[in-house]
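What follows draws every value from the coordinates through simple rules; no lab data is involved. Keep in mind that this is a model prediction, so the values were computed, not measured. Don't worry about glycine lacking a Cβ; one is built from the backbone with ideal geometry, like all the others, and counts go over all protein chains shown.
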Amino acid sequence: MDTAEALRMVRALVDEMNPDTAARYGIKPILQEPETKRAIEKAGVLAVEAKRADRRKSLPAKLAKRWSRAEQKRLCKEFEQELSIHEIAELHGRTDGGIIVRLERLGKISRLPTLDRLASPGRKLPTSAGPDRPWLPQEDDQLCSEFHSRLEFEEIAGHLNRSSQAVVSRLTVLRKIGIKSPFILAG
């Protein structure tokens, strides 16, 4: 029995119901006592916190930690040795995304990495065929042109083989629409 199922059963009992049949009990069980209710709610909070702790344990050790100069030099050397991003991330105790961002900041890769060696094992980076691929300059031009022609986001998305959300997100990045409301033109 998982935590969610256990909590569902206990909450049904607190509500004076049989967890299996949803029939009401005729007597006030001990689970209705205020102290018992508080304990059950605390157990629910503890279950959520335990789940978060498990998630944190699975994250890399240096997630969101500052980069030392020595570590950055090592990163550059490993990148020049053509190790994959995934391999470098494991060596540094960081995420693949963290490695890519640091390489961008160090000027080792462009904002739109397309090299196969940047991909994790068993997973290629998006190519020009998939909807999750990096945005190309000609796509940005087409996007801006169609946006200024007042086409609907869904229509633009269809022309570019992207999702409407990706179109709105890219227009925000390009500062064509405002961040607070994606439907308001930015200056």
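Would you mind checking K108/K176; K65/K108; K57/K176; K73/K176 for any pair whose Cα atoms are more than 31 angstrom apart? Beyond 31 Å between Cα atoms: K57/K176; K73/K176. A Förster distance of 45 Å, applied to the separation of the beta-carbon atoms of S149 and V45, puts the FRET efficiency at 0.30. Summarising the amide proton neighbourhood of M17: residues at separation of 5 or more, or on other chains, whose placed amide H is nearer than 5 Å comprise Y25. Measuring r between the beta carbons of L136 and D2 and using R0 = 45 Å, the FRET efficiency lands at 0.50.
Packing around the peptides 81-93, 33-45, taken as the average count of other Cβ atoms within 10 Å per residue, puts them in this order, highest first: 81-93, 33-45. Please give the Cα centre distance for region 1-65 versus region 82-108, rounded to the nearest Å. First find each Cα centre; the distance between them is then 39 Å. Around the amide H of I177, modelled in the peptide plane, lie the amide H atoms of T172, A186, all under 5 Å away and 5 or more residues distant in sequence or on another chain. Sort region 3-58 into rounded, prolate or oblate with this rule: let a ≥ b ≥ c be the square roots of the eigenvalues of the Cα gyration tensor; rounded if a/c is under 1.5, and if a/c is not under 1.5, prolate when a/b is larger than b/c, oblate otherwise. The shape class here is oblate.
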